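The values are calculated or read from the model by the stated rules, or taken from the named source; none is laboratory data. The shown structure was predicted, so the numbers you read here are calculated from the model rather than taken from an experiment. Glycine also receives a Cβ, built like all others from the backbone with ideal geometry; neighbour counts cover every protein chain displayed. Ligands, DNA and RNA are excluded from the accessible area calculation, which covers all protein heavy atoms including side chains. Shrake-Rupley method; radii C 1.70, N 1.55, O 1.52, S 1.80 Å.
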Amino acid sequence: MGIKAFAARILAKQVHKSTLNWSRNPAQVQKKILEQLVKVGKETLFGDDHDFNYIKNYSDFKEVVPIRDYEGLRPYVKKILEGEDDVLWKGKPLYFAKTSGTTSGVKYIPISDESMPYHINAARNALLAYIYETGNASFLDGKLIFLSGSPVLEEKSGIQTGRLSGIVNHHVPSYLRGGQLPSYKTNCIEDWETKVDKIVEETISQDMRLISGIPPWMQMYFDKLQEKSGKKIGELFPNFSLMVQGGVNFEPYREKLFQSIGRKIDTVETFPASEGFMAYQNSQKEEGLLLLLNHGIFYEFIPASEVHNNNPTRLNISQVELGVNYAIILNTNAGLWGYNIGDTVKFVSKDPYKIIVTGRIKHFISAFGEHVIGEEVESSITEVAREQGVNIIEFTVAPNINPAEGGLPYHEWFVEFENIPENLDNFRMKVDERLQRRNIYYKDLIAGKILQPLCIRPMQKDSFINYMKSIGKLGGQNKLPRLSNDRTIADKLGDYVLQRHNSITN
């Protein structure tokens, strides 16, 4: 055992003990964080505008701080960009994490001196929780790769600005630097395909032990490694033992990734965002991600069914229930207040509080009132694919309200298979049955002859890579929406459909 692995085991015990302490007192921890946030917020423009001096408890807080998305926050961000201090948080942000939204255009999410350490420590603690449970720290004695965006930052009104993954790259602990790949020069390459080719060149002969990234981009990396070496990833990297992923639900990608590796390895799922690092998988034996209640964020939860209401129910951690789909609302030590990040979660445990990420608020289909969400479609197709020995590369779903071929409307699934099912019609009907079990509204629409069962369009090889490339969103932290309530994406995917299967519908 190397010195890094030995030291990590000691630190893992300390972090585990600390985690137990705060996770056993969730309500008190969250109450204290809200008090700390409000205390600082009183000295800001936002606090003046929202009567923070009158806040004594959570009920008061809800009265004066409305729920908002980025558009509601934009006027305050604009003031920061114009050079004002003490706008959302004391002083100026340490960084702006730059993201792009479909409706908000470019978004600048503040990261403060106080919030930055939590981004780093959460990622570290996810690995330490794994080490504590499994005893495996040997990956620290080899090479590690973080497939991320470019670390090149620009200045925006004197504030360093860039992608979150690029910002975090500047804060990788020194004890990991020696084993980190790719090189800084390679990591700065903007074109994703060029970058992955260079990463393959730099890593193919190395002792890779941990690989981290968003699943579809890890798969692209694996494919290129296999193409160049002719070997499975597990053969190429015999000491590869841990895969860390986040950004999207891992399950639809799991089987294909393991097939590329040639064996199963341990995985750790994380829930990071520019707005804050919210949760990580702390056990290989239990479902869910540990919600980080002591990381500078006061959480609120709105039942997903009420998220578009003018006055939705707002709950703190002590008020949530298991199995309910909630929109997650953040109040952070970077100056986000009542901020709806757009993700939905369900609690699978309250001792400690653990969640699964169920999807995006804006990613749903409800063209006929069915309100099908990401968790439902992902679980339905993943189950059937596993049963039939089918590997899914990627997929997305949209409604087809006025089919060109006539007949009833349906949900249209664009699916890139590694191996197309022998009986595609049987496969799609099995998926449809699973979706009906999960969503009673969808089932009623099928039974009432409002919708017909779903249609699957098998896609050409690399369809989604080519589509993402065509819109300038290949690689990095970019993700394909799993669901759309319109045809914006679907209409652009028509050129990628395998024509010989195009007649297989309903």
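Can you figure out the FRET efficiency of residue 284 with residue 488, using R₀ = 25 Å and their beta-carbon distance, to the nearest 0.05?
0.05
Mean residue ellipticity at 222 nm from the helices of the chain, using -39,500 (n - 2.57) per DSSP H segment of n ≥ 4 over the full residue count, to the nearest 500 deg cm²/dmol?
Computed ellipticity for the chain at 222 nm equals -11000 deg cm²/dmol.
On alpha carbon coordinates alone, what is the Rg over Rh value for the stretch 447-489, Rh being the Kirkwood radius?
My calculation puts Rg/Rh at 1.10.
Kirkwood hydrodynamic radius for the stretch 195-291: how many Å is it when counted over pairs of different Cα atoms?
14.1 Å
To the nearest 0.05, what FRET efficiency results for residue 74 and residue 54 with a Förster distance of 30 Å applied to their C-beta separation?
Rounded to the nearest 0.05, the efficiency is 0.75.
Express the C-alpha Rg of the stretch 332-422 as a ratio against the empirical globular expectation 2.2 N^0.38 Å, rounded to two decimals.
Computed over Cα atoms of the stretch 332-422, the ratio equals 1.42.
Report the full-extension gain for the segment residue 306 to residue 462: residue separation times 0.36 nm, less the Cα-Cα distance, to one decimal in nm.
The span from residue 306 to residue 462 would gain 52.4 nm if fully extended.
With the calculation restricted to Cα positions, what are the radius of gyration and Dmax of the stretch 107-201 in angstrom?
15.0, 46
Taking N as the number of residues in the stretch 47-122, what is its Cα Rg relative to 2.2 N^0.38 Å?
Compactness ratio reported: 1.23.
Please list 264, 90, 13, 231 in order of solvent-accessible area, largest first, computed with a 1.4 Å probe with all protein chains present.
264, 13, 90, 231
Taking a 1.4 Å probe, which of 412, 287, 255 shows the most accessible area, and what order do the others take after it?
Largest to smallest exposure gives the sequence 287, 255, 412.
How large is the Kirkwood hydrodynamic radius of the stretch 409-506, counting all unique pairs of alpha carbons, in Å?
Final number for the Kirkwood radius of the stretch 409-506 is 14.7 Å.
Starting from the Cα of residue 438, step 7 Å along the direction of its Cβ; do the same at residue 27; then give the gap between the two resulting points in nm.
Modelled inter-label distance: 3.4 nm.
Given a cut-off of under 8 Å on Cα pairs at least six residues apart, what relative contact order in percent is computed for the chain?
Rounded, it is 13 percent for the chain.
Considering the convex hull of the alpha carbon atoms of the stretch 1-108, report its projected area averaged over all viewing directions, in nm², one decimal.
So the mean shadow area of the Cα hull is 10.5 nm².
Below 13 angstrom from the Cβ of residue 140, what's the summed charge of the other residues (Lys, Arg +1; Asp, Glu -1)?
+4
Take the Cβ-Cβ distance between residue 204 and residue 470 as r, set R0 to 22 Å, and report the resulting FRET efficiency rounded to the nearest 0.05.
0.20
How big, in percent, is the set of alpha carbon pairs in the chain lying more than 41 Å apart?
I get 21 percent for the Cα pairs in the chain exceeding 41 Å.
With no solvent and one equal point scatterer per Cα, compute the Debye intensity ratio I(q)/I(0) for the stretch 172-223 at 0.27 Å⁻¹ and report its log10, rounded to two decimals.
One equal scatterer on each Cα of the stretch 172-223 leads to -1.30.
Can you grab the distance from the C-alpha centre of the stretch 149-213 to the C-alpha centre of the stretch 272-299, Å, no decimals?
For the stretch 149-213 versus the stretch 272-299, the Cα centre distance is 23 Å.
With contacts defined as alpha carbon pairs under 8 Å and 6 or more residues apart, what's the relative contact order of the stretch 1-146 in percent?
Result for the stretch 1-146 is 34 percent.
Among 195/479; 56/362; 232/461; 198/231, which pairs are too far apart, with a Cα-Cα distance over 28 Å?
Violating the 28 Å limit, Cα to Cα: 56/362.
Between residue 155 and residue 193, what length comes free when the chain is fully extended (0.36 nm per residue of separation minus the Cα-Cα distance, one decimal in nm)?
11.0 nm
Contour minus end-to-end for residue 266 and residue 121, with contour as 0.36 nm per residue of separation and end-to-end as the Cα-Cα distance?
Full extension from residue 266 to residue 121 adds 50.1 nm.
Considering only the chain, what is the antiparallel percent among its DSSP beta bridges, to the nearest 5?
The antiparallel proportion sits near 65 percent.
What's the local net charge at residue 220, with K and R +1, D and E -1, over the other residues with C-beta under 10 Å away?
Every neighbour counted, the sum reads -2.
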